[in-house]
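No value in this document is a laboratory result; all are computed from the given coordinates. Model, not experiment: these values are computed from the prediction. A quick note on method: Cβ atoms are made from the backbone with ideal geometry, for glycine too, and the neighbour counts reach across all protein chains shown.
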Amino acid sequence: MTEGSDPQLTSGARFTGRVAIVTGAGSGLGRATATRLAAEGAVVAVLDIADAAAEETATAIVGSGGRANSYRVDVSDPDSVSGAVELVAEELGRPVLLVNSAGIGGFSRTEEQSFEGWQRILGVNLTGTFLMCKAVIPHLLDGGGVIVNIGSNAGIMAQPYSAAYSASKGGVIQLTRALQDEYIRKGIRVVCVAPGSMDTPLQSQFTFPEGVNPKAFAKVMSPVGSNPPENVAGVVAFVASDEGSYMHGAIVSVDGGLTI
Ligand SMILES: NC(=O)c1ccc[n+]([C@@H]2O[C@H](COP(=O)([O-])OP(=O)(O)OC[C@H]3O[C@@H](n4cnc5c(N)ncnc54)[C@H](O)[C@@H]3O)[C@@H](O)[C@H]2O)c1
């Protein structure tokens, strides 16, 4: 095989010079995605509410020869979002890719779910995704671009004791479709990548409610086990790249067969 025809080499720099914003990039899938995009040449804006973690991601990327800046953002706060996106555009240039990976969750009996807890999960996962899209879309309209929203198997199937989380992720799926329908003729692609179980710190937020039968959770455990976030980041990079250019409004499950 010649160098030029090796798919690993030819797909190795699909984002050269492209400015990408990744939320939740201080940890887990967001961090893996920021790292992957930077390794493929992107200039990455690493956004997270945990500013030290975001800085750690950016420093690691720069240490490996990539380009990244970190920014603190609370995706559930409209002012924080618009301020961060403005600053990114000013410092790094026009963003052409947005990956919404910031997310929170937890298992709870619905009758015990606090109103504040419900509001917080919806506020980060769904409203946060909307606010980031709203702030970045004007830049994408100015020459095109891609949004990748991170959903979940929980947005497609019923996940036990997860009313708020499942509702938020179901909302992310429909938000993806609605945005794609609205912007399909305007040079913007919107795709949702819906992972199943990944080994990340988020999973520690999902402790079983007291007294529930753990067997109830068997349906969200894939027979092929859990997936490293780096594998999902590879899928995000594919759909965000020009190789995914015919993917519009797609919901891409990466869940070890949970939703078949
Ligand atoms: N881990 C899983 O099993 C799993 C499965 C399906 C879907 N997901 C989804 O993948 C995405 C990434 O999750 P992860 O597993 O990498 O979790 P994680 O906890 O490792 O990372 C989430 C990041 O989001 C950040 N964040 C939280 N609230 C924020 C806010 N208000 N503003 C900005 N940043 C905020 C956190 O600080 C953290 O760095 C989430 O949307 C999650 O719902 C995860």
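Across segment 180-227, what is the number of residues that are surrounded by 12 or more Cβ atoms within 10 Å (Cβ to Cβ), within 17 Å of residue 102 (Cβ to Cβ) and over 14 Å from the mean Cα position of the chain (by Cα)?
3
Which of (1) under 16 Å from residue 93 (Cβ atoms); (2) within 11 Å of the ligand (Cβ to nearest atom); (3) in contact (Cβ under 8 Å) with a residue 40 or more places away in the chain does residue 19 not meet, given it meets every other one?
(2)
Only one of (1) touching a residue at least 40 places away in the same chain (Cβ under 8 Å); (2) within 13 Å of the ligand (Cβ to nearest atom); (3) surrounded by fewer than 20 Cβ atoms within 10 Å (Cβ to Cβ) is not met by residue 119, so which one is it?
Residue 119 satisfies all of (1) touching a residue at least 40 places away in the same chain (Cβ under 8 Å); (2) within 13 Å of the ligand (Cβ to nearest atom); (3) surrounded by fewer than 20 Cβ atoms within 10 Å (Cβ to Cβ) except (1).
Just checking, how many residues over segment 219-239 are under 23 Å from residue 44 (Cα atoms) and within 16 Å of the ligand (Cβ to nearest atom)?
Applying the first criterion (under 23 Å from residue 44 (Cα atoms)) to segment 219-239 yields 228-239.
Now narrow it down to the ones that are within 16 Å of the ligand (Cβ to nearest atom): 228-237, 239.
So the answer is 11.
For residues that are touching a residue at least 12 places away in the same chain (Cβ under 8 Å) and not aliphatic (A, V, I, L, M), scanning just segment 246-260, find the one that is farthest from residue 156 (Cα to Cα).
Of all residues in segment 246-260, those touching a residue at least 12 places away in the same chain (Cβ under 8 Å) come to 247-259.
Narrowing further to those that are not aliphatic (A, V, I, L, M): 248-249, 253, 255-257, 259.
Details: 248: 18, 249: 15, 253: 9, 255: 11, 256: 14, 257: 12, 259: 7 Å.
This residue is 248.
So in segment 22-57, with the set limited to residues that are part of a helix (DSSP H, G or I), within 17 Å of the chain's Cα centre (by Cα) and hydrophobic (A, V, I, L, M, F, W, C), which one is farthest from the ligand (Cβ to nearest atom)? Give the steps one after another, and end with the answer.
Pass one, segment 22-57, residues part of a helix (DSSP H, G or I): 28-39, 51-57.
Pick out the ones that are also within 17 Å of the chain's Cα centre (by Cα) and you get 28-38, 53-54, 57.
Now drop any that are not hydrophobic (A, V, I, L, M, F, W, C), which leaves 29, 32, 34, 37-38, 53-54.
Working: 29: 4, 32: 8, 34: 11, 37: 15, 38: 17, 53: 5, 54: 8 Å.
Out of the qualifying residues, it is 38.
For residues that are more than 9 Å from the ligand (Cβ to nearest atom) and within 27 Å of residue 121 (Cβ to Cβ), scanning just segment 59-83, find the one that is surrounded by the fewest Cβ atoms within 10 Å (Cβ to Cβ). So that I can check it myself, show each step before the final result.
Let us first name the residues in segment 59-83 that are more than 9 Å from the ligand (Cβ to nearest atom), namely 59-71, 78-79, 82-83.
Filter once more, keeping what is within 27 Å of residue 121 (Cβ to Cβ): 70-71, 78-79, 82-83.
Numbers: 70: 23, 71: 23, 78: 15, 79: 9, 82: 15, 83: 15.
Ranking the qualifying residues of segment 59-83, first place goes to 79.
If we only count helices (runs of 4 or more DSSP H) wholly inside segment 114-189, which ones have 2 or more residues that are among the hydrophobic types (A, V, I, L, M, F, W, C) and more than 27 Å from residue 95 (Cβ to Cβ)?
On the way: elements: 115-122, 128-141, 163-183.
It comes to 115-122, 163-183.
Taking the condition buried (at least 23 other Cβ atoms within 10 Å of the Cβ) and either under 15 Å from the mean Cα position of the chain (by Cα) or within 21 Å of residue 24 (Cα to Cα) (or both), does residue 250 pass? Walk me through how you get there before you give the answer.
Numbers: buried (at least 23 other Cβ atoms within 10 Å of the Cβ): no; either under 15 Å from the mean Cα position of the chain (by Cα) or within 21 Å of residue 24 (Cα to Cα) (or both): yes.
So residue 250 does not fit the description; no.
Kindly provide the set of residues from segment 180-218 that are more than 14 Å from the ligand (Cβ to nearest atom) and farther than 24 Å from residue 133 by Cα, ordered by number.
Scanning segment 180-218 gives 208, 209, 210, 211, 212, 213, 214, 215, 216, 218.
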